[in-house]
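Trainee: The structure is given below, and queries will be raised subsequently.
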Amino acid sequence: MKLIYILAGLFFFQFSFAQDSSSNKTTKVWSLENCIEYAIENNITVKDAELNTNLAEVEYNKAKSSRLPNLFGSATQSFTNGNSIDPITSDFVTEQINSTNIGINSSLTLFQGNQLNNQIKQNKLLLEQSVFLEDVEKNNIVLNILETYLQALYSKESILIAENNLEASEQEVQRAKARLDAGQVALTDYTEAQSQAATNKYNVIAAKNDYQQYILTLKQLLELSPMEEMEIETLDDNMDLINLGLNKFEVYSNALDFLPEIQASQLNIAANEKELEIAKGGFLPTLSLLGSMGSGYTSISENTFADQFDVNFNQKLSLSLTIPIFNRNQTKAAVQNAAINIEKAELQKQSTEKDVYKRVETAYQNAVSAQEQVIAAEASRAAAEQSYKLAQKKYELGDLSTTDLVISQNTFTNAQQNYLQAKYLNILYYQLLQFYQGNDIKL
């Protein structure tokens with residue numbers, strides 16, 4: 001029995017929302033705006049997207065540097081025995097040779113079918129696209145936090161409903177016990193009241209557990225430490241019903257201008273068009289400028305090391321023209337692939353626009369429905385509350401059975417839950433419509 005009490009105590013401890021009096025720690029209360037700002041700065045997914053942008057910037061700078069000439073240095077020390085050609089004098093000799101060669105060489109691409117310029121332009125487009133894709137991830141985090149935050153608020157209010165029901169059912173158990181002792185009701189009435197109280201106690205535990213699960217999800221989105229306590233800010237009562245006053249087609253039009261995934265899909269088309277120009281450049285010749293300087297020393301010469309390096313010093317400057325004649329249709333295939341990828345990018349853009357319209361349409365229809373549900377659920381809750389109060393009075397006077405009282409309480413509870421659900425759905429879909437127009441999400 002002691003073990004059961006200990007486990008039960010540990011189980012209930014995780015649902016405590018009060019301050020930790022032993023450590024004097026105060027749980028921080030987070031608003032939705034706080035959560036969004038913190039997540040954008042700290043979420044792992046967002047940081048990964050930022051790193052992808054950094055990689056795209058590196059590739060862009062790398063492409064720009066391809067216009068510059070390269071420069072390499074070389075040094076060779078060799079030993080030759082027997083019949084050989086002296087690497088410095090080019091004489092044919094039959095003896096041991098020690099030789100030293102040093103030099104630098106450079107090359108500069110003057111023309112390559114305009115591929116270098118197009119590659120730079122493409123990498124710039126890809127960098128801009130990465131910035132928009134980073135914004136997409138930020139928006140996803142914002143929407144995840146909005147949904148989770150409202151679900152947590154719903155669960156938090158559900159706890160209050162469950163606790164009020166538990167308190168009422170415990171009072172009803174006491175009344176049923178008194179009436180049983182007085183011989184006014186049968187034992188089944190008393191046990192049914194006990195069963196309802198036990199059910200309501202279970203509902204309290206379940207509601208608290210749901211709340212903690214949503215808090216856990218929020219903490220993970222914010223990348224908070226598991227040891228850090230978290231509490232969320234409650235809403236004002238005057239936010240129960242929100243008037244839309246929006247046209248879904250205007251919302252959709254604004255979403256096309258605002259959402260970064262649309263901009264990213266447009267840049268994807270432009271980047272693939274540049275890829276086609278790069279591929280076509282493979283049909284054109286390449287002109288390069290080459291230059292080198294060097295000197296050397298050979299042991300067969302009677303001159304000193306320093307004198308030989310002075311005498312053997314040489315410079316070379318040349319132009320190289322490479323003309324593509326046949327490369328087994330590699331360039332042709334690259335052009336065809338690039339053209340296909342353009343068509344695929346255009347289809348992807350159409351698919352993205354369809355997805356945006358579906359999201360806007362769904363949010364709008366759900367917002368309209370939620371508004372009507374709030375009005376209906378509020379009326380149902382008020383009626384169920386009045387009916388439950390009357391049922392309690394009748395039960396106190398002995399004019400109502402425990403079964404009928406339990407039914408009335410459950411009806412009132414369901415009406416309260418339906419109202420809460422409609423209330424937060426109304427808030428959620430209204431905020432989604434605001435988001436699709438580029439407005440800030442605020443509760």
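Where a number appears in this text, it was derived from the coordinates with a stated rule and is not lab data. Note that the structure is a prediction, hence the values are computed from the model and not measured. Here the Cβ is made from the backbone with ideal geometry for all residues, glycine too, and neighbour counts use every protein chain on show.
Trainee: So if we plug the beta-carbon distance of Ser78 and Leu289 into 1/(1 + (r/R0)^6) with R0 = 30 Å, what FRET efficiency do we get, rounded to 0.05?
Mentor: Taking R0 as 30 Å, the efficiency between Ser78 and Leu289 is 0.55.
Trainee: Using a simple spin-label model with points 7 Å from Cα along the Cα→Cβ vector, what separation in nm is obtained for Ala379 and Leu443?
Mentor: If labels sit at Ala379 and Leu443, their model points lie 2.9 nm apart.
Trainee: Another question, if that's okay. Tell me which GluC sites (Glu not before Pro) from segment 133-237 have a DSSP coil assignment and no more than 13 other beta carbons within 10 Å of their own.
Mentor: Of the GluC sites (Glu not before Pro), the ones in loops of segment 133-237 whose Cβ has at most 13 other Cβ atoms within 10 Å are Glu228.
Trainee: Around Val406, what is the net charge, scoring Lys/Arg as +1 and Asp/Glu as -1 over all other residues with Cβ under 12 Å from its Cβ?
Mentor: Taking every Cβ under 12 Å from that of Val406, the sum is -4.
Trainee: Just grab the label-to-label distance for Lys344 and Ser107, each label 7 Å out from Cα along the Cβ direction, in nm (one decimal).
Mentor: Label at Lys344, label at Ser107, 3.2 nm between them.
Trainee: While we're on this one: Under the Karplus relation 6.51 cos²θ - 1.76 cosθ + 1.60, θ = phi - 60°, what is the ordered set of whole-Hz ³J(HN,Hα) values for segment 276-283, x standing for Gly and Pro?
Mentor: 5, 5, 5, 5, 5, x, x, 7
Trainee: Sticking with this structure for a sec: Report, ordered by chain and residue number, the aspartates and glutamates lying within cross-link reach of Lys156, taken as a straight Cα distance under 15 Å and ignoring same-chain residues fewer than 8 apart.
Mentor: Lys156 reaches Glu147, Asp210, Glu231, Glu233, Asp236, Asp237.
Trainee: Hey, another quick one. Over every pair of different alpha-carbon atoms in the chain, take the mean of 1/r and invert it; report that Kirkwood radius in Å.
Mentor: For the chain, inverting the mean 1/r across all distinct Cα pairs yields 29.9 Å.
Trainee: In nm, what is the difference between 0.36 nm times the number of residues separating Lys389 and Glu33 and their Cα-Cα distance?
Mentor: So the chain would gain 124.2 nm between Lys389 and Glu33.
Trainee: What number, in percent, do you get for the relative contact order of segment 318-421 if the mean sequence gap of Cα pairs under 8 Å and at least 6 apart is divided by its residue count?
Mentor: With pairs under 8 Å counted, the relative contact order is 25 percent.
Trainee: Continuing with the same structure: So what is log10(I(q)/I(0)) for segment 281-386 at q = 0.12, 0.16, 0.19, 0.24 1/Å, when the Debye sum runs over its Cα atoms only?
Mentor: Scattering profile of segment 281-386, log10 relative to I(0): -0.81, -0.94, -1.03, -1.18.
Trainee: So what is the relative contact order of the chain, in percent, for Cα pairs below 8 Å that sit 6 or more residues apart?
Mentor: Answer for the chain is 22 percent.
Trainee: Taking R0 as 56 Å, what's the FRET efficiency between Asn327 and Glu95 from their Cβ-Cβ distance, rounded to 0.05?
Mentor: Efficiency computed from Cβ-Cβ geometry: 0.75.
Trainee: If you don't mind, there's one more thing I want to ask. Using 1/(1 + (r/R0)^6) with R0 = 41 angstrom and r between the beta carbons of Ala198 and Lys47, what's the FRET efficiency to the nearest 0.05?
Mentor: 0.30
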